Amino acid sequence: MKNQLILIGILLTSATLLAQNPNEFMVTGSLKNITDAKASIEYNKIAVEITNGSFSARSEITEPTVARMFITDKRLMKTAKSGGYYPVKSMNIWLILYPGANIRVKGEISDFADAYAYDGGENDILAGLHQGLFPLLNASVNIDLRFDYEKDSMPPEVKAKLEKEKKVLDEKAQKLRLKFLEKSVSSMAGVWLLNDMVIRSQISMEEVDRLLKKVDKKYFSTSWYIGLSDRVKGYKSTQVGMVAPEIITRLTPDSTLFELKSMRGKFVIIDFWGTWCGPCIAGMPRMKEFRDKHAGKVLILGVAQDRSFEVWKKFIETHKLNWKNVFAGKGAEDWVLKYNVQGFPTKLLLSPEGVILYRFTGEEEGFYETIEKLINARL
């Protein structure tokens, strides 16, 4: 009875606060199978105290975002044998935050976060997806953990059986995502999931283009829809045989104006990279070697998506990257979206006329073998 009165008090307080500030959101929750724990909501790094399974948090927001709530509980961590952990969505509680949201979380904590957010609208739609998806993701990552911990002792027949089980789980998860999009793409959860799947290369751009046409215009202003629209445009305008979209920016190491068209007359390797990307950095010496081999014929343009402009600039100076570099900003200067880059590194070869001759994601010697042939064929 006491807990019920406390909960009623929290809900009444929430309603009063929301009425006072239209940009405020409230999150309250009641979780089973957990008593006291620390948690955090990644938006604004909001600290949350869970006491006897209950919690509440509030903050302000100006536009919709999807945020995870991470609970400090060893049961949720998919810890690898060598340290670190296997990231999986089912280890967190997911929330759609927006101005005026009054969100209620309920469920339980086991070896995954079997708890979901409800608000009578957008969060209920996301909860419907995750209730079916999370058990599949959790079972799949648990198999990964077995492979990790038992790789030296696991009998071949057991490994084969588990690989088959994992494949079935992953296929079910993908079918569930696609089925959800067919029904609910016109929702915050829908456009967010579609954007997430594009980033993870889990869906073709042709499908994205088709599904976007089903989205109601009230979601057009969300960052997810805007980003997806830019990606579709980028996909359509960066196919092999098309003239590469112009890049004009002052987001350069010395803030001078850069224009892609200034590199016309030479073959150009556009390298999408980041200081956080190990394979990108590991491949730079080979890229420089190729450029130097074709001195006077081949130029390099580095386009970075990074944590900050200063981190990127310092890296360029420290590692003496002696080719043109620009920073991918936001909006009109988000070249990663405008070129529909879904993985790093991604490299394009442009002809002296600015036409896209080849596109490749990854870091393999085969890229240079291919572009060598393409260049020689045009000399």
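Scanning region 178-193 for residues that are under 25 Å from residue 101 (Cβ atoms) and touching an Asp or Glu at 6+ places or on another chain (Cβ under 9 Å) yields a count of 5. Among the strands (runs of 3 or more DSSP E) confined to region 262-379, the ones with at least 2 residues that are surrounded by 15 or more Cβ atoms within 10 Å (Cβ to Cβ) and touching a residue at least 60 places away in the same chain (Cβ under 8 Å) are located at 267-273, 324-327, 346-350, 356-361. Residues of region 115-162 that are farther than 21 Å from residue 67 by Cβ and without any contact (Cβ under 8 Å) to a residue 12 or more places away in the chain: 150, 151, 152, 153, 154, 155, 156, 157, 158, 160, 161. I'd like the full set of residues that are crowded, with 19+ Cβ neighbours inside 10 Å and free of Cβ contacts under 8 Å to residues at least 60 places away in the same chain, limited to region 187-196. Answer for region 187-196, where residues must be crowded, with 19+ Cβ neighbours inside 10 Å and free of Cβ contacts under 8 Å to residues at least 60 places away in the same chain: 191, 194, 195.
This table checks each residue for (1) touching an Asp or Glu at 6+ places or on another chain (Cβ under 8 Å); (2) more than 23 Å from residue 235 (Cα to Cα).
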{"residue": "264", "(1), (2)": "yes, no"}
{"residue": "280", "(1), (2)": "yes, no"}
{"residue": "286", "(1), (2)": "yes, yes"}
{"residue": "335", "(1), (2)": "no, no"}
{"residue": "373", "(1), (2)": "no, yes"}
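The residues on offer are 61, 50, 6, and the sole one that is modelled with pLDDT under 90 and either charged (D, E, K, R) or in the same structural domain as residue 103 (by TED's automatic domain parsing) (or both) is 6. Looking only at residues of region 75-117 that are within 18 Å of the chain's Cα centre (by Cα) and of a type in the set (A, V, I, L, M, F, W, C), we find that the one that is surrounded by the fewest Cβ atoms within 10 Å (Cβ to Cβ) is 88. Applying the condition of being of a type in the set (Ser, Thr, Tyr) and part of a strand (DSSP E or B) to region 49-102 and asking which residue is farthest from residue 35 (Cα to Cα) yields 65.
The values are calculated or read from the model by the stated rules, or taken from the named source; none is laboratory data. Computed from a predicted structure; not experimentally measured. Don't worry about glycine lacking a Cβ; one is built from the backbone with ideal geometry, like all the others, and counts go over all protein chains shown.
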